[in-house]
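Below: one structure, written as structure tokens.
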Amino acid sequence: MFASLVRPLSKGSQITKVLVTSNNVAKFSTSGVLRKDYHDILIESHGKVGLITLNRPKALNALSSHLFHEINSALEKYDEDPNISTIVITGNERAFAAGADIKEMVGKSFADVYKTAFLGHWGKINDIRKPVIAAVNGFALGGGCELAMSCDIIYAGEKAVFGQPEIKLGIIPGAGGTQRLVRAIGKSKAMEIVLSGRNFTAKEAEQWGLVSKVLPVDKVLDEAIKLGQEIASLSQPSIQAAKESINRAFELSLKEGCHFERKLFYSLFALKDKEEGIDAFVKKRDPKWTDE
Ligand code: CO8
């Protein structure tokens, strides 16, 4: 009845207690802490990296409310799990995610979506304190592009296709597309993309600064996990502080942002890991982080 999830893994990676039943209901546990049944995502841990794989292939991973609730649930569990330090979100080779589930929008009026804060739960990812890396292959359109942009780092496969095509549906991006795109690639390009609904390539995304690396299709996930493991091998309070400080750059003036950074910088001197890191450097040895 149960079959192990089979996927090529990078060297040294390990799936922790992942089982998929014949009806594709997965039961998972990372070190006994994360335990949840999911239908539209798959969960694996690779050492201290928690992987979330969107798994609605027939709908090109269209982000239904149900799927997004599962993403949120897994993100929150990983954020709480002391055995997990970084998180990777991926899809499959054809699609990271082709947007919000358009079929859910059929017949919905302004009053319907306004009164119920339709898809309002998409914002939860912005509260996750651990680093989140998007490993994008295939389509990352509309809400899929917005999900990738809500992650902290994007690695993309060379055939990945990004875009905000909402305008072609008579709507506009609703999960930060107009805001994050303009911050990442500038006003003129963001206007062109959003107003025309044209897609753009992984290479363009990298040239414009939206994506940090373009990789061969079959390397994207492994490289994202490797990056996650590299980040996970460092002192986690410092990692979280760095993420928090960088994200403040989107909210604050330069002066206020630098002030915030300085306060966090000083506060890290209270960590045992600061003593350890400095001592290890001075004594020319490897640091042993305790995350304290
Ligand atoms: N929603 C629902 N179903 C989808 C979606 C989607 N976004 N995208 C693809 N599918 C389904 C198709 O309906 C089709 O299903 P079926 O086989 O049952 O007909 C299946 O996936 C395969 O799709 P195609 O046959 O269309 O595959 P193609 O290779 O021909 O085309 C495309 C691929 C170009 C990606 C095409 O599917 C497409 O254009 N998809 C829609 C892209 C799009 O417009 N995305 C934006 C959606 S709106 C949005 O994301 C707003 C987010 C707002 C968030 C607000 C938070 C508060």
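Looking at region 79-110, which of its residues are of a type in the set (S, T, Y) and either within 13 Å of the ligand (Cβ to nearest atom) or in contact with a Leu (Cβ under 7 Å, 6 or more places away or on another chain) (or both)?
T90
Please work out which residue is farthest from L169 (Cα to Cα), limiting yourself to region 111-122 and to residues that are in a loop (DSSP other than H, G, I, E, B) and within 9 Å of the ligand (Cβ to nearest atom).
A117
Taking interchain pairs and intrachain pairs at least six residues apart, which have beta carbon atoms under 6 angstrom, with the first residue in region 168-189 and assigned by the TED database to the domain that holds E204 and assigned to a helix (DSSP H, G or I) and the second within 7 Å of the ligand (Cβ to nearest atom) and at pLDDT 95 or above?
G177/E146
If we keep just the residues of region 146-165 that are without any contact (Cβ under 8 Å) to a residue 40 or more places away in the chain and part of a helix (DSSP H, G or I), which is nearest to the ligand (Cβ to nearest atom)?
Looking at residues that are without any contact (Cβ under 8 Å) to a residue 40 or more places away in the chain and part of a helix (DSSP H, G or I), I get E146.
Being farther than 12 Å from A95 by Cβ and among the polar types (S, T, N, Q) is the filter here, so list the residues in region 132-152 that pass it.
Matches in region 132-152: S150 only.
Yes or no: region 250-263 includes at least one residue that is surrounded by fewer than 14 Cβ atoms within 10 Å (Cβ to Cβ) and among the small types (G, A, S).
Checked against the condition, which is being surrounded by fewer than 14 Cβ atoms within 10 Å (Cβ to Cβ) and among the small types (G, A, S), region 250-263 yields at least one hit.
If you take the residues of region 202-221 that are under 15 Å from the mean Cα position of the chain (by Cα) and assigned to a helix (DSSP H, G or I), which of them is farthest from G47 (Cα to Cα)?
Per the criteria, the residue is V220.
Could you tell me which residue of region 80-110 is nearest to the chain's Cα centre (by Cα), considering only residues that are part of a helix (DSSP H, G or I) and exposed (fewer than 11 other Cβ atoms within 10 Å of the Cβ)?
My answer is K103.
Please go through region 231-254 and give me each residue that is more than 19 Å from the chain's Cα centre (by Cα) and farther than 22 Å from K274 by Cα, ordered by number.
Residues satisfying the conditions are E251, L252, S253, L254.
What number of residues in region 40-70 are out of contact with any Leu (no Cβ under 8 Å at 6 or more places or on another chain), near the ligand (Cβ under 9 Å from one of its atoms) and in a loop (DSSP other than H, G, I, E, B)?
So the count comes out to 3.
Consider Q240 carefully, then state whether it is closer than 18 Å to A156 by Cβ, outside any loop (DSSP other than H, G, I, E, B) and among the polar types (S, T, N, Q).
No: the conditions fail for Q240.
Cβ-Cβ under 6 Å, sequence separation 6+ or interchain: first residue in region 261-277 and farther than 22 Å from A249 by Cβ, partner in a helix (DSSP H, G or I) and modelled with pLDDT of 95 or more. Which pairs?
L271/P237; K274/L268
Assess whether S31 counts as being at pLDDT below 95 and more than 16 Å from the ligand (Cβ to nearest atom).
In short, yes.
The values are calculated or read from the model by the stated rules, or taken from the named source; none is laboratory data. This structure is a prediction, so every number in the text was calculated from the model and none was measured. As a convention, Cβ positions derive from the backbone with ideal geometry for all residues, glycine included, and neighbour counts pool all protein chains shown.
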